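Shown next, in structure tokens, is the structure this report addresses.
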Amino acid sequence: MADRGDIDRVREATDLVDLFAEVTKVRRSGRSFMAVCPFHQEKTPSMSLDRARGLYHCFGCGEGGDVFTFLQKTQGLEFTEALESLARRAGITITRDPEAARKRGRRDAAVAALRRAIDVYHDRLKRSSEAGPARAYLRGRGYDIDLIEEWKLGFAGVDWDTAVKALRTAGVDDRAMLEAGLARRGRHGLYDVFRGRLMFPIHDVRGDAVGFGGRRLEEIDAQATNNPDAKYVNSADSIVYQKARLLFGLDRARGPIADEGRAVVVEGYTDVIAMHRAGVKTAVATCGTALGDGHFDLLRRFTEQVVLAFDSDEAGTKAALRSDDLESPFRLDLDLRVAVMPDGLDPADLVQEGRSAELIEAVESARPLLEHRIEHDVERFDVSGPEGRARALHAAVAQLKRVNDDIARTEYARFVARLIGVDLDTVRRALGTRLAGARGNGAAPGRPLDRAEAELLRVVLHNPPDRGDVRPEDFTDERLRRAYLAVADELADLDAGTSVDLTSLEDESTAGLLRSLAMDDRPLPDWTDLERRLKGKRLDVEIDALESRLASLDSATDDHSAALRELTELQRQKRALTQEPS
């Protein structure tokens, strides 16, 4: 965990406007600045920059944050990396945790060992006689020398310690080899993890070498490999390699992904290379594991749309995204889509056959994941008859029930009704729940904020000297109540006239709402008028409660008489309030 003092010093020393001016057009607007948003396509600036607070918020797409968030989202950095980058920029020396520094040293040594191993494997592929089958395989796939150089492909020697010997000669120590996952220790010393395989170097999002994927070649004696039954062997998790948070090719693709607003996930290393050869520079792949939250977190740094490009038999999709994670597009706020490859071929096969145009068309016409799944389930039934339609509907509804977003569920209910040939009410009854549009407690997604309560929260965030008492129950809009509670503790400790700090909020949806209110540059409403409204709302609540209590009391009792007197007084206060001058 970074030192809080370091974080504050770096934030104060960093000019948010200067940061934005390096990547987009910025102009002054009143007390703040406006910029063309770098996170979505627009011509008219809708990104508001608050230099004093170090906050930005786009009123077009909703993106927002502080100086650290900006670097994280534009450069794909972790928070600590963004902090270190801005500290260097500001000339600030940040506090170093000795244990963290030691770990960083070990990591750096492992990365250096992996960089050297890339050269060793790459040189063997080009020059070694035992790599002949690997070179023949690549020629057969259309890989020329330039492509091999571009991706730094390599070959692991067949002998037990080929790489170990070469790395020792290059000055790499045994500990670095072990921690990099390049070697293991046996009875007779270190031996190579990868043997007799075509090697694909894997880099993290920053471009650091972190591991390898090794492909078995049939032409090489299976006894020479460490796992003859596995087509691919990947580096084991280590100090530098965590497969659940790695995507092959993301170091190359992150720029194009951010520019195009879309990432394309394929199944394997050769598919990524094929996609890039075809001009789809946004392609990435997992490293021998299923897509999970860690991969989605990586991709969400650069885009909200992810296309899964697998073969048409659905097996690839199920392998990469577990069916019980179907709600992920809504939970993670991602637009997940599926691109079905023509004739069930993978991208590498399509490119090899000269069908790149079809590959690109499949990606461009990708359809929403849930829509694809529903159609796949419905296709199993004959919907020309009532029994088939009923079975198809039950299968489709099983998918719909996993969608927690009311608006999305309503739209997909309409899609299911059209697909199966039933009316919307039939789908609703099958779901057994009310869809979006039904009145319920709290604010539904997309419902406008309560205007008066939003204005109240604007005043709260600016904390003017004349601001009076505000309570959570003053907010009936649940979103605004949550937002108020997120800053209430800090507000209680602030001096009047000091604005609330919005840079350390964990919940992004709440933080975005608070930023949009705090950075609204309209004049603040008069507190006297707001206070009158607050008193009126509170009196209404008390009057309603007393009226309910009176209805349950015996009119001949003292309790009833006391409650009636109290009600009369509250009603008098409400009348007096409405008669006060505005």
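The values are calculated or read from the model by the stated rules, or taken from the named source; none is laboratory data. Keep in mind it's a predicted model, so treat the numbers as computed, not measured. Using ideal geometry, Cβ is built from the backbone for each residue, glycine included, and neighbour counts are taken over all protein chains shown.
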* Asked: Can you name the residue in region 454-483 that is of a type in the set (Asp, Glu) and either assigned to a helix (DSSP H, G or I) or closer than 24 Å to residue 52 by Cα (or both) and, of all such residues, is modelled with the lowest pLDDT?
  -> 466
* Asked: So, of the residues in region 484-508 that are surrounded by 13 or more Cβ atoms within 10 Å (Cβ to Cβ) and either assigned to a helix (DSSP H, G or I) or assigned by TED's automatic domain parsing to the domain that holds residue 61 (or both), which turns out to be modelled with the lowest pLDDT?
  -> 508
* Structure fact -> Quick count over region 354-407, residues being buried (at least 19 other Cβ atoms within 10 Å of the Cβ) and in a loop (DSSP other than H, G, I, E, B), is 4
* Structure fact -> Flagged pairs (Cβ under 6 angstrom, 6 or more apart or on separate chains; first in region 21-33, touching a residue at least 60 places away in the same chain (Cβ under 8 Å) and surrounded by 12 or more Cβ atoms within 10 Å (Cβ to Cβ); second part of a loop (DSSP other than H, G, I, E, B) and not charged (D, E, K, R)) are none
* Test residue 189 against the stated conditions and say whether it is touching an Asp or Glu at 6+ places or on another chain (Cβ under 6 Å), more than 15 Å from residue 120 (Cα to Cα) and modelled with pLDDT under 95. => no
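Looking for something charged (D, E, K, R) and in contact (Cβ under 8 Å) with a residue 60 or more places away in the chain - is there at least one such residue anywhere in region 388-406? Write out each step before concluding.
Taking region 388-406 as the starting set, the residues that turn out to be charged (D, E, K, R) are 389, 391, 401-402, 405-406.
Now drop any that are not in contact (Cβ under 8 Å) with a residue 60 or more places away in the chain, which leaves 402, 405.
Checked region 388-406: at least one residue is charged (D, E, K, R) and in contact (Cβ under 8 Å) with a residue 60 or more places away in the chain.
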* Check on residue 68, under 19 Å from residue 506 (Cβ atoms) and part of a helix (DSSP H, G or I) -> yes
* Among (1) in a loop (DSSP other than H, G, I, E, B); (2) closer than 28 Å to residue 266 by Cβ; (3) touching a residue at least 60 places away in the same chain (Cβ under 8 Å); (4) hydrophobic (A, V, I, L, M, F, W, C), which single condition is residue 172 missing? -> (2)
* So, of the residues in region 256-269 that are at pLDDT below 95 and either of a type in the set (D, E, K, R) or in a helix (DSSP H, G or I) (or both), which turns out to be nearest to residue 184 (Cα to Cα)? -> 267
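For region 124-142, which positions are touching a residue at least 24 places away in the same chain (Cβ under 8 Å) and under 19 Å from residue 213 (Cβ atoms)?
Answer for region 124-142, where residues must be touching a residue at least 24 places away in the same chain (Cβ under 8 Å) and under 19 Å from residue 213 (Cβ atoms): 124, 125, 131, 133, 134, 137, 138, 141.
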* Of the residues that make up region 296-304, is at least one surrounded by fewer than 22 Cβ atoms within 10 Å (Cβ to Cβ), in a loop (DSSP other than H, G, I, E, B), within 21 Å of the chain's Cα centre (by Cα) and modelled with pLDDT under 80? -> yes
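Just for region 560-574: of the residues that are more than 57 Å from the chain's Cα centre (by Cα) and loosely packed, with under 14 Cβ neighbours inside 10 Å, which one is farthest from residue 534 (Cα to Cα)? Before the answer, list the steps.
Kept after step one, since they are more than 57 Å from the chain's Cα centre (by Cα), are these residues of region 560-574: 560-562, 565.
Narrowing further to those that are loosely packed, with under 14 Cβ neighbours inside 10 Å: 561-562, 565.
Numbers: 561: 28, 562: 26, 565: 23 Å.
So the residue we want is 561.
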* Identify, please: which residue in region 34-47 is modelled with pLDDT under 80 and among the polar types (S, T, N, Q) and is, among those, surrounded by the fewest Cβ atoms within 10 Å (Cβ to Cβ)? -> 44
* To do: Assess whether residue 12 counts as being in the same structural domain as residue 83 (by TED's automatic domain parsing) and exposed (fewer than 14 other Cβ atoms within 10 Å of the Cβ).
  => yes
* **One residue from 123, 192, 161 being among the charged types (D, E, K, R) and buried (at least 22 other Cβ atoms within 10 Å of the Cβ)** => 192
* In the set 196, 181, 207, which member is at pLDDT 95 or above and either within 31 Å of the chain's Cα centre (by Cα) or closer than 27 Å to residue 274 by Cα (or both)? -> 181
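In the set 253, 244, which member is touching a Ser or Thr at 6+ places or on another chain (Cβ under 9 Å), at pLDDT below 90 and not in a loop (DSSP other than H, G, I, E, B)?
Details: 253 fails: at pLDDT below 90.
Of the residues listed, the single one that is touching a Ser or Thr at 6+ places or on another chain (Cβ under 9 Å), at pLDDT below 90 and not in a loop (DSSP other than H, G, I, E, B) is 244.
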* Structure fact -> Within region 71-98, of all residues that are in a helix (DSSP H, G or I) and of a type in the set (D, E, K, R), the one nearest to the chain's Cα centre (by Cα) is 73
